[in-house]
Amino acid sequence: MILSDKKILEEMKKGNIVIRPFNLQNMGGNSYDVHLSKYFAQYVDKTLDAKKHNKVKHFEIQEKGFVLKPGQLYLGTTTEYTETHKFVPFLEGKSSTGRLGIDIHATAGKGDVGFCGYWTMEISTSKPVRVYPEMPIAQLIYYVVEGKVERPYNKKASAKYGNKEKWPKESMMWKNFK
């Protein structure tokens, strides 16, 4: 079951969902639109290695925009900081974003109950496209969890992606091999 706009607002009042900054105009009937921050990263090496910590270079996109190029992987974050303490958050691209040929996640659209942070998106594009800070980029949808969650993400010792910083987080797959 997906939460409606009314239910999302009710759960925000209870503290089960946090969205900062929040603007009611970004609320859809069953989702909340999030925006592209100015914080980006790209991997330095041409070949990535799942067993090592691959370095990234961070940069900020300017108000005049930034052209995403095909064949490149960009890591970007949402402007909004979110917390989800009782529901499963899903980050999905907006149809307007998809119609520009922009993919906002390779495989990581589902969050976990207990995720607290800025969302890192794995952004790629099929054609060159200029993007801008604060443009709508994706939407959050909240699913109901049946049963009690015993290991929320923010309480797991092995959690790698709780992101209280505004900069994108690179892959931490290498931590799985230790």
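A short reminder: the numbers here are calculations on the coordinates, not readings from a lab. Just so we're clear, the structure is a prediction, and the values are computed from it rather than from any experiment. Positions of Cβ are generated from backbone atoms using ideal geometry, with glycine treated the same way; all protein chains shown enter the neighbour counts.
Summary table below
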{"item": "Solvent-free Debye scattering, log10 I(q)/I(0), computed from the Cα coordinates of the chain at q = 0.09, 0.11, 0.18 Å⁻¹", "result": "-0.32, -0.48, -1.22"}
{"item": "Cut-off under 5 Å, modelled amide H: who pairs with residue 116 long-range", "result": "163"}
{"item": "Scattering curve values for region 51-138, log₁₀ I(q)/I(0), Debye with Cα scatterers, q = 0.11, 0.17, 0.25 Å⁻¹", "result": "-0.33, -0.78, -1.39"}
{"item": "The chain, dipole about Cα centre (Lys/Arg Cβ +1, Asp/Glu Cβ -1), debye to the nearest 20", "result": "520 debye"}
{"item": "Relative contact order (%) - criterion: Cα under 8 Å, at least six apart; region: region 1-45", "result": "40 percent"}
{"item": "Built amide H within the under 5 Å cut-off of residue 30, gap 5+", "result": "5"}
{"item": "Other-chain or far-sequence residues with amide H under 5 Å of residue 94's (modelled H)", "result": "138, 139"}
